[in-house]
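Trainee: Below are the structure tokens for one structure; questions will follow.
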Amino acid sequence: MVHILFMPLLQIPSGHHHVADCIQDQLNEASEEFHCEKMELLSYSFGPVEKLVSSFYLQWIQKFPSLYSNVYQRMAVKQEKHNKHYYIYELLFLKHVQRMIAQTKPDLIICTHALPSYLLDRLKRRNLWTGKVLNVYTDYFINDLWGFDHINYHFIPTIDVQRKLIERGVDQQQTILTGIPVHPVFRTNKPPDIVKEKYTVLISGGNMGAGSIEKLLDRLQPSGTINYHVLCGKNNKLYQSIKQRNHSCIHALPYIHSKEEMNTLYDQADAIITKPGGVTISESLWKRLPIFVYEALPGQEEINLNYLNSQGLIFHLDNWNTSIAVESTIIERLQTESAQLHENLEAYFKPIEKQNITQIIQKLI
């Protein structure tokens, strides 16, 4: 029996949990030899404090986005030193990580958040643990908190991130270019396009239904050329509000549990309007779906947006909040820029490992 421990951070249903769950599900389906367990570090260490931290984090982003963005840029992605010590994190969490390891006795720890990775790197540096650690990056960049020197393997989102890790001294043999992991159901090809009287466009704000979706809907002013299906996630207030609009071209969808159902929606769509969260973007890229980004949360999503836009992998609706022609912009880009988008997508996927995640992990252990 191979025991694999997943270590995300916070219980908010973010991409860190989504990717951990995606890999865990695949391992469990592949073989009974895997025993997978997911333990969130903050709640394990300090119990109810996690809910307070999660609430503070969400309030900070929503009420003071510029401040959060500035702090994140300064603390996580603009440091000149790469062998930094975060003594407060070590003081707060190292003993708890050691206790978690003693309790679970993992053969492999998979980190989908930077803080557990940093702490494990420190433990291994001090020879306090000698097991294997795999970093799985859930954004299109790496912040400075991630552990590197004593991490055994890295699942890399892009070839640019791979180059940066190698520049930091990581052996290329320890890196596997996987993209941000998605469930295999989303790596299937879409059916051939057929002639339609109307386009179908998904609108997503993430699992929590976050973002300025209602303002966006007001700006769209649907003409009847596009049917919009809004993924409301677990935001019931948003779901009910859209239902009350009773608009023939705007349809609210509640939280979707089934990956197969979500994949069907991708297959039926001509495009998606979303935020640049790593998981939704990665699933849409695999489906070769044109992506329109209307806003980015401060911090990670801002950096994702800049990268994706620079690579020509998305269309940025940067003036949606002031434009009166958002829908016509979407239609124009779908009609005139799809060929270039397809070319950029093929260039992005060309170096990515074709094996699924389970096959790769089986080889590593």
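The values are calculated or read from the model by the stated rules, or taken from the named source; none is laboratory data. Just so we're clear, the structure is a prediction, and the values are computed from it rather than from any experiment. Using ideal geometry, Cβ is built from the backbone for each residue, glycine included, and neighbour counts are taken over all protein chains shown. In case anyone asks, the SASA skips ligands and DNA or RNA and just uses the protein heavy atoms, side chains included. Shrake-Rupley method; radii C 1.70, N 1.55, O 1.52, S 1.80 Å.
Trainee: Taking the condition of a type in the set (S, T, N, Q) and either surrounded by fewer than 21 Cβ atoms within 10 Å (Cβ to Cβ) or on the phi > 0 side of the Ramachandran plot (or both), does ASN304 pass? Talk me through it step by step, then tell me what you get.
Mentor: On the way: of a type in the set (S, T, N, Q): yes; either surrounded by fewer than 21 Cβ atoms within 10 Å (Cβ to Cβ) or on the phi > 0 side of the Ramachandran plot (or both): no.
It is false that ASN304 is of a type in the set (S, T, N, Q) and either surrounded by fewer than 21 Cβ atoms within 10 Å (Cβ to Cβ) or on the phi > 0 side of the Ramachandran plot (or both).
Trainee: Does region 307-335 hold any residues that are β-branched (Val, Ile, Thr), open to solvent by less than 20 Å² (accessible area, probe 1.4 Å) and under 16 Å from SER212 (Cβ atoms), and which are they?
Mentor: Filtering region 307-335 down to residues β-branched (Val, Ile, Thr) leaves 314, 322, 324, 326, 329-331.
In the following step, the residues that additionally are open to solvent by less than 20 Å² (accessible area, probe 1.4 Å) were identified as 314, 326, 330.
Result: VAL326, single match.
Trainee: Mind listing just one residue for me: the one in region 132-148 that is at pLDDT 95 or above and more than 18 Å from the chain's Cα centre (by Cα) and, of those, farthest from LEU165 (Cα to Cα)?
Mentor: Ranking the qualifying residues of region 132-148, first place goes to LYS132.
Trainee: Please find, within region 309-319, the residue that is modelled with the lowest pLDDT out of those that are in a loop (DSSP other than H, G, I, E, B) and out of contact with any strand residue (DSSP E or B) (no Cβ under 9 Å at 6 or more places or on another chain). If you could, list the steps in order and put the result at the bottom.
Mentor: So the first thing to find is which residues in region 309-319 are in a loop (DSSP other than H, G, I, E, B), and the list is 311-314, 317-319.
Cutting the leftovers down to out of contact with any strand residue (DSSP E or B) (no Cβ under 9 Å at 6 or more places or on another chain) gives us 311-312, 319.
Numbers: GLN311: 95, GLY312: 95, ASN319: 83.
The extreme case among them is ASN319.
Trainee: While we're on this one: I want to confirm something. Restricting to region 344-353 and keeping residues that are out of contact with any helix residue (DSSP H, G or I) (no Cβ under 9 Å at 6 or more places or on another chain) and surrounded by 11 or more Cβ atoms within 10 Å (Cβ to Cβ), which single residue is nearest to LEU216 (Cα to Cα)?
Mentor: My answer is ASN344.
Trainee: Looking only at region 26-39, count how many residues are charged (D, E, K, R) and at pLDDT below 90. I'd like the intermediate steps shown before the answer.
Mentor: Here is the first cut: in region 26-39, the residues charged (D, E, K, R) are 29, 32-33, 37-38.
Within this subset, residues satisfying the condition of being at pLDDT below 90 are 29, 32-33.
Of the residues in region 26-39, 3 are charged (D, E, K, R) and at pLDDT below 90.
Trainee: State yes or no: is SER55 in a helix (DSSP H, G or I), modelled with pLDDT of 65 or more, out of contact with any strand residue (DSSP E or B) (no Cβ under 8 Å at 6 or more places or on another chain) and under 21 Å from MET100 (Cβ atoms)?
Mentor: Details: in a helix (DSSP H, G or I): yes; modelled with pLDDT of 65 or more: yes; out of contact with any strand residue (DSSP E or B) (no Cβ under 8 Å at 6 or more places or on another chain): yes; under 21 Å from MET100 (Cβ atoms): no.
So SER55 fails the test.
Trainee: List the pairs whose first member sits in region 15-32 and is in contact (Cβ under 8 Å) with a residue 60 or more places away in the chain and closer than 20 Å to GLU283 by Cα, whose second member is part of a helix (DSSP H, G or I) and among the charged types (D, E, K, R), and whose Cβ atoms are under 9 Å apart, counting only residues at least 6 apart or on separate chains?
Mentor: From region 15-32, the pairs are CYS22/LYS259; ASP25/LYS259.
Trainee: Is it the case that region 213-230 has a residue that's over 28 Å from ILE331 (Cβ atoms), open to solvent by less than 60 Å² (accessible area, probe 1.4 Å), at pLDDT below 90 and within 23 Å of the chain's Cα centre (by Cα)? Spell out how you get there, then give the answer.
Mentor: Here is the first cut: in region 213-230, the ones over 28 Å from ILE331 (Cβ atoms) are none.
No - not one qualifying residue is present in region 213-230.
Trainee: Report yes if GLU301 is at pLDDT below 90, closer than 30 Å to LEU27 by Cα and not in a helix (DSSP H, G or I), otherwise no. Don't jump to the end; show me each part of the working.
Mentor: Details: at pLDDT below 90: yes; closer than 30 Å to LEU27 by Cα: yes; not in a helix (DSSP H, G or I): no.
No: the conditions fail for GLU301.
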